[in-house]
Structure formats: C-alpha cells, structure tokens
Amino acid sequence: MVPQFETISEFLAMGGHGLYVWLSYGSTVLVLAGSYFSLRFARQRQLEQLRWQASTNTSDQQQTAHSPKSSNGV
Amino acid sequence: MWIKELWHKLGSPRWFYQISSPWIIGFGVAALVLLTVGVVWGLVYAPQDYQQGNSFRIMYVHVPAAMVSQSVYLGMGVAGFVLFVWRMKLADVAIAACLPFGIMLTALALFTGGVWGRPTWGTWWEWDGRTVSTLVLLFLYIGIYALREAILDTELRGRASALVAMVGTINIPIIKYSVDWWSTLHQPASITLTDKPTMPPEMWMPLLVMVLGIYCFAAHNIMSRMRVEILNRESKTRWVRNLMVTDTKPIQNV
Amino acid sequence: MNWRGLFTREWRVMMRNRAGVLNPMAFMFLAVMLFAVGSPLQDESRAQYGGAVLWLIVLLTNMLSLDALFRRDYDNGVLEQMICSAQAPFLVVLMRVFVQWLGSGLLITLLAPLLCLFLGLPNSAIPTTMLALLCGTPALSLLGAVGAAITVGFSRGGILLGLLVLPLFLPVLVFGASAINTAIVGDGSSAQLFWLAFISMVALTIGPFATTQGLKISLQMQ
C-alpha cells in the first residue's frame, strides 16, 4: 500500500485524465450528497408541519410546549 | 413461527417506522466509512492500469452505481410481487422510496460511463451493450415514475406500479441478453460472483469496498425515504399524532 | 362461453370497428414512405438499415393499434361486465389479444413482401422477414396489452403506453432486425427466430395474467 502520487498537483492531474476522473467523482458526490440532504430537508419540513398539526389538533394541556419553532430536534 | 410473526409485523408501516431508526443510523455510518475508505483507496493507493492509466479510477464510482441501480430495480420488482400477492402496504412505500434514488443512480451510472468512455474509447457516448442496458433500465424506471404520477388513488397507484415493476423485472434478463447480442466495445464484467476476477486484488478490493458502500448508502437512503413516506401517508392516524405530541425525546432526523 | 363463441364475438367486434385495424396499417405505409423519401435515394446501404427500420415501424404500428384495444369497451362499461362475469377473465383477455394480433401482427406478416419491396430489401430476405414477424409480433401484442390495460383509464394514455411498453419491445427489435440482416447477407438466422419465438412464449405466460390484473386496476379507477 503505497500512494501512487508524489505531489498534490500530480494527484490532481491524474496523469492527464484529471478532468474525467474529477468529473465523475464530483458528480457522484453531488448525487449522493444531493439525495441525502434533500431527504433531510424534506424530513425536517415534514416534522415541523406534523408537530404543528398535532399541537393544534390535540387537547389544550399539551398545546403550549409544541409550537413549530420551539420543538426539539428540528 | 417467528418468520410468520415478522411477516405480519412487516405489513404495518408503524412497526417499520419504530424499528427502522437504528438500522438507518447503522447503514449511514457504514456507508460513510466504506465510501471514505473506498474513495481514498481507489484514488490514491490503487495501482494504475497499464492500459488506461489513471482514468480507470472512474470504475470505482461507475461500477457500483451501475450495479446498485440494477439491484434497486430488482428490489422494486420483489416489492411489487409482495404488494401484489399479500397487499402489503409497506411494499408500496418501498417502491415509492426506491424510485427517485434508482433514477438518480442510473443517471449517474450513465454519466460516469460517458465520462469514462471519453479517454478510453475516444467518445462521450458509445452505443455499447451495457450502455444500452442501463439506458433501458432508466426508461423502465421513468415509465413507472410517470405511471405513478398519473394515478391519484394511493392503493391503485401502488398496484399498477407493482404490476409494471414485476413485468419489467421478468423482462430484464431477456433485454440484457438481447443487448449483449450485438455489444462489442466494453470490457467483460469486472466482478462476477462465479468467475475469478481478472483484476489483481489491489485493484478490485477498493471496488468491493465501494460497492458495499453504495449498497449501504442505498439502504440508508431508501429506508429514510420510506420513513418520510410513511409519515406522509399516516399523518392522520393516532399513532403519528401521539408520536408528535407525547414523545419527549427529540425525534431523530434520519 | 366456449372458445368458438369467444372468438366469433371478438372477431365481430373487430370487424365492426375496421378503422382500428386499417388506420394503423395506413400509418405503417405512411411511415415507410416517409423513410424512403428521407433517405438518400441511390444508396446501397439502405438495405442495411431496412431490417431495423421495418421492425421499428412495426413496433410503432403495433403500439398504435394497442391503444384502441380496450378503450371502447372500457368507456361504455362492457369491459367491466366481461371481467366480472366471465368464469375465466384470463381466457377472455387472451382471446381479445389473439384477435388483435390477427389484425396487426398477422396482417403485417402477410403484407411483409410489400414492405420489403418498399424498403429496398432483397427478395431473398422475404421468407425470413415473414417468419421473424410471425414469431416476434405475438410478443408485441401480449406485452403491449399489459401496458394498454394499465393505461386505459387515462384519457390521454398514448404517450404513457409508449413509455411503458417500448423498452420491453427492445429484445424483439434486436433479434428481429438481426434476423433480417443475416438473411440479407445470406446466412441462416434460425437462432434469432428461436429467440423471437422464446420471447413470445415468455410473453404468453405472463402477458394475459398481467393484462387481466391491469384491467382490474383500471376498472377500479373508473
């Protein structure tokens, strides 16, 4: 297990194939990160909305602690 | 029989929601570790290919994406079968969760394949056997997606897409074979389950790590999307309301 | 209802609605003409593309005739009666697809010499072309019926039908075009013909079942 590249610039150049290698790795990171974060945001929005709905629909004693802004974990 | 009990429990989205959280965290951590190790190993430590030079490192993202995109479709076909035979609600949730991720991954496989093809074959796009198979897979995904968009009723939408996914899954072997009929340029499959790999271990080990990593990421992503989907569908039920109100500990945002 | 009763009824339905058969055929010859006009006239390589173009046009023609397969009966409620009252809806569906194939696949097979002539294919390729069409078109009707059954509930199901069904038609196109191309060169193409027949057999085992299920789903949409 030895690194195949001596310097950073050599690593970035990838023996002349830098554009292709970084394009494909970049797109992969983009897709994976995109699907992770878009889901995370959707989930947060959904939790906020559901908590708000729940706090308006249920009985009064539980109502005060759960406005959409103050709930934990959001 | 514990299997039968598990089967009955699987029918309930609520049960899945309650047990899935640790699994999602586990798969997420595994995916993060495996993908980090795999990318560093593949980019820095794996030896150069004597023919392709460094451009072969694209393989470490291209092959996992192509493999997992097929597996996700297969999983959708299995979920479709389960939905059709046992009318299991959770299976429809699984189909809905597999679709967007599968489409993204298939598109990624096509894109990285094209980028890899430029230095290897000298063209961005080559009508090669596996390119065509992947493109057909993308169209199969898009067909189901369009069908789901067109049907409003949740139950019918699930059953229709399950039927199409099943028919598509049965046809995939024939499509693959027919496309291989005239395929020429691509190198033979890199990892096969039966044959010995033609690559040296220092080259295919990182590939194995990457494949496992993408599988874990897929499991993480699909399961968490299923949770979102379940809450959407069951938002009017009592257990979701109770979960939102009475749960004192913060709900994990996975 | 016995086999013969089923067949005669479906046959009469098709005969009463001749436009459903004739319009796709007109489309087919129109498409052939457009290809012939669009391609370079005195080009030897036209025969090389002939097989692929012929099959592509056959796929599209079949898709057009599939769109009308269940629509009329779906709209006026006859389909519901057929599926609900029949002892074996499977058989009803199979018979309807068979009659649709008579009016599309078999008719195209019989017209194949004409198509070969228009597309510039050599006469020696005609028998293989007809055999390939005979073996391959049942798969198109059977698999296409699944898509037609699922999309019959939408007012504009045509484009969705194509999206669902054309990827499944790809193996038929590959083997069909390959059969014609080898026949043009003068080689035997029995392997491709066997494959086409095999695909049709697979389609026969899954198609009618899936079509029946698809119709049941569409009927609930009404």
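No value in this document is a laboratory result; all are computed from the given coordinates. Here the structure is a predicted model, which is why all the values come from computation and not from measurement. FYI the Cβ positions are ideal-geometry reconstructions off the backbone, even for glycines, and counts take in every protein chain you see.
Tabulated data for the structure shown
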{"read-out": "Residues B:Val63, B:Val164, sorted so that the one with the fewest Cβ neighbours within 10 Å comes first", "value": "B:Val63, B:Val164"}
{"read-out": "Residue-averaged beta-carbon neighbours from other chains (10 angstrom radius) around C:145-153", "value": "3"}
{"read-out": "FRET efficiency for C:Leu110 and B:Thr154, using Cβ-Cβ distance with R0 set to 45 Å, rounded to 0.05", "value": "0.45"}
{"read-out": "Gain in span if fully extended, C:Arg72 to C:Asp187, counting 0.36 nm per residue against the direct Cα distance", "value": "36.9 nm"}
{"read-out": "Per-residue HN-Hα couplings for region B:28-45 [Karplus 6.51, -1.76, 1.60; θ = phi - 60°; Hz; x = Gly/Pro]", "value": "x, 5, 4, 5, 4, 5, 4, 5, 4, 4, x, 5, 5, 4, x, 7, 10, 9"}
{"read-out": "Difference of contour (0.36 nm per residue) and Cα-Cα distance, C:Phe154 to C:Gln222", "value": "23.5 nm"}
{"read-out": "Point-to-point label distance, C:Asn23-C:Gln87, nm (Cα→Cβ direction, 7 Å offset)", "value": "3.7"}
{"read-out": "Whole-number D in µm²/s for region B:1-155 (Stokes-Einstein; Kirkwood sum over Cα pairs; 25 °C, 0.890 mPa s)", "value": "135"}
{"read-out": "Spin-label pair B:Gln18/A:Thr56, simplified geometry with 7 Å Cα→Cβ offset, distance in nm", "value": "2.9"}
{"read-out": "Stokes-Einstein D (µm²/s) once Rh is taken as the Kirkwood radius of region C:103-222 over alpha-carbon pairs, at 10 °C in 1.306 mPa s", "value": "104"}
{"read-out": "For region C:121-132, Karplus couplings with θ = phi - 60° (6.51, -1.76, 1.60), whole Hz, Gly/Pro x", "value": "7, x, 4, 5, 8, 5, x, 4, 4, 5, 4, 4"}
{"read-out": "For region C:30-108 versus region C:111-144, the gap between their alpha-carbon centres in whole angstrom", "value": "13"}
{"read-out": "Stokes-Einstein diffusion coefficient of region B:64-160, Kirkwood radius over Cα pairs, 4 °C, 1.567 mPa s, in µm²/s", "value": "91"}
{"read-out": "Per-residue [θ]222 nm for chain B (sum of -39500 (n - 2.57) over DSSP H runs n ≥ 4, rounded to 500)", "value": "-26500 deg cm²/dmol"}
{"read-out": "For region B:53-63, 3J(HN,Hα) per residue [Karplus equation, 6.51 cos²θ - 1.76 cosθ + 1.60, θ = phi - 60°, Hz, x = Gly/Pro]", "value": "x, 7, 5, 5, 5, 4, 3, 5, 10, 6, 5"}
{"read-out": "Cα gyration tensor category, rounded, prolate or oblate, for the protein assembly as shown with a/c compared to 1.5", "value": "oblate"}
{"read-out": "Stretchable slack from C:Ala52 to C:Ser124, in nm (0.36 nm times residue separation minus alpha-carbon distance)", "value": "24.2 nm"}
{"read-out": "Cα centroid separation, region B:64-131 to region B:1-60 (Å)", "value": "15"}
{"read-out": "Average beta-carbon neighbours from other chains, 10 Å sphere, peptide A:33-45", "value": "4"}
{"read-out": "Estimated FRET transfer efficiency when R0 is 51 angstrom, pair B:Arg233-C:Ala36 (beta carbons, to 0.05)", "value": "0.40"}
{"read-out": "Entries in B:Lys4/B:Lys89; B:Lys4/C:Lys216; B:Lys176/C:Lys216 that, when Cα-Cα distance is taken, lie over 23 Å", "value": "B:Lys4/C:Lys216; B:Lys176/C:Lys216"}
{"read-out": "Hydrodynamic radius of region C:3-221 per Kirkwood, over alpha carbon pairs, in Å", "value": "17.7"}
